[in-house]
Amino acid sequence: MPTDGFLATSIFYKDIEGFIFDAISGPVTVPGYGDAEFYVEQPVNAEDAKVSGFEIAIHQPFTFFPAPWDGFGVQLNYSWVDSEFSAGTDAYDSGTYGLPGASPNNLNAILYFETARFGARLSYVYRDDYFSSFGGGAFSGVDRYVKANENLSLNLSYDVTDNISLTAKATNLTDDIQEEFITYDSLMQSYYTRPRTYSLGIRMKF
């Protein structure tokens with residue numbers, strides 16, 4: 001069990017050359033289909049891409065408290081990311097976009113309790129809206145985004161013996177959903193339910 005905590009910070013900056021993304025181009029004709037015109041999705045190079053931001057991480061076990069409180073501890077991680085790239089194509093000329101999958105604000109927080117045989121972890125994850133991709137098919141020429149989402153989960157474990165462990169997990173306790181939208185958050189493209197999930201397990205070592 002850890003006895004000391006830590007505080008760590010970092011600042012980062014990246015200038016990416018030749019960033020590749022999928023873009024729609026056309027109309028073009030395809031051999032064997034006469035004069036029929038098609039829009040083609042293919043990898044292309046962006047004009048430029050930049051990523052900057054900072055990260056703060058904290059880990060503090062409360063070993064200085066009297067028992068049983070000395071088994072508690074917290075882990076926190078926060079990052080802020082500013083990213084952008086210029087598509088530089090005729091199909092996507094609305095300026096700059098955040099890198100796919102890069103949320104500006106990201107938070108991970110864990111409250112845990114540990115003894116020689118028992119462990120419990122309550123974990124919370126949050127991230128902002130983020131750019132997902134450029135549309136394809138019926139959504140050609142549009143920007144696709146994923147709305148901000150969060151997740152709360154609980155993990156429990158108990159070592160019955162040195163060779164047998166019981167585990168219990170509960171995920172998405174907030175019953176959060178995942179929504180994707182195009183260009184504006186009022187234009188929903190997809191809606192995914194992510195119900196709470198519970199599981200039990202046993203691990204044995206021979």
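Read-outs: derived from the displayed coordinates by stated rules, not from any lab. If you're wondering where the values come from, they're calculated on a predicted model, not measured in any experiment.
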_Cross-link candidates for Lys147: which lysines have Cα within less than 24 Å, leaving aside residues fewer than 8 places away along the same chain?_
Lys50
*Multiply the residue gap between Lys147 and Thr29 by 0.36 nm, knock off their C-alpha separation, and tell me the result in nm, one decimal place.*
38.8 nm
*Working out 0.36 nm times the residue gap between Tyr78 and Ala57, then minus their Cα-Cα distance, what length gain in nm do you get to one decimal?*
6.9 nm
*Which entry in [x] -0.84; [y] -0.64; [z] -0.77 matches log10 I(q)/I(0) by the Debye sum over Cα atoms at q = 0.12 Å⁻¹ derived from the coordinates of this structure?*
[x]
*Please give the contour-minus-distance gain from Tyr191 to Ser10: 0.36 nm per residue of separation, less the Cα-Cα distance, rounded to one decimal in nm.*
61.6 nm
*Quick one: which residues, 5+ away or cross-chain, put their amide H under 5 Å from the amide H of Ala102? H built at 1.01 Å from N.*
Phe131
*For segment 178-192, take each phi angle, set θ = phi - 60°, evaluate the Karplus expression 6.51 cos²θ - 1.76 cosθ + 1.60, and give the result in whole Hz per residue in order, putting x for glycine and proline.*
10, 10, 10, 9, 10, 6, 10, 5, 8, 9, 6, 9, 8, 9, 10
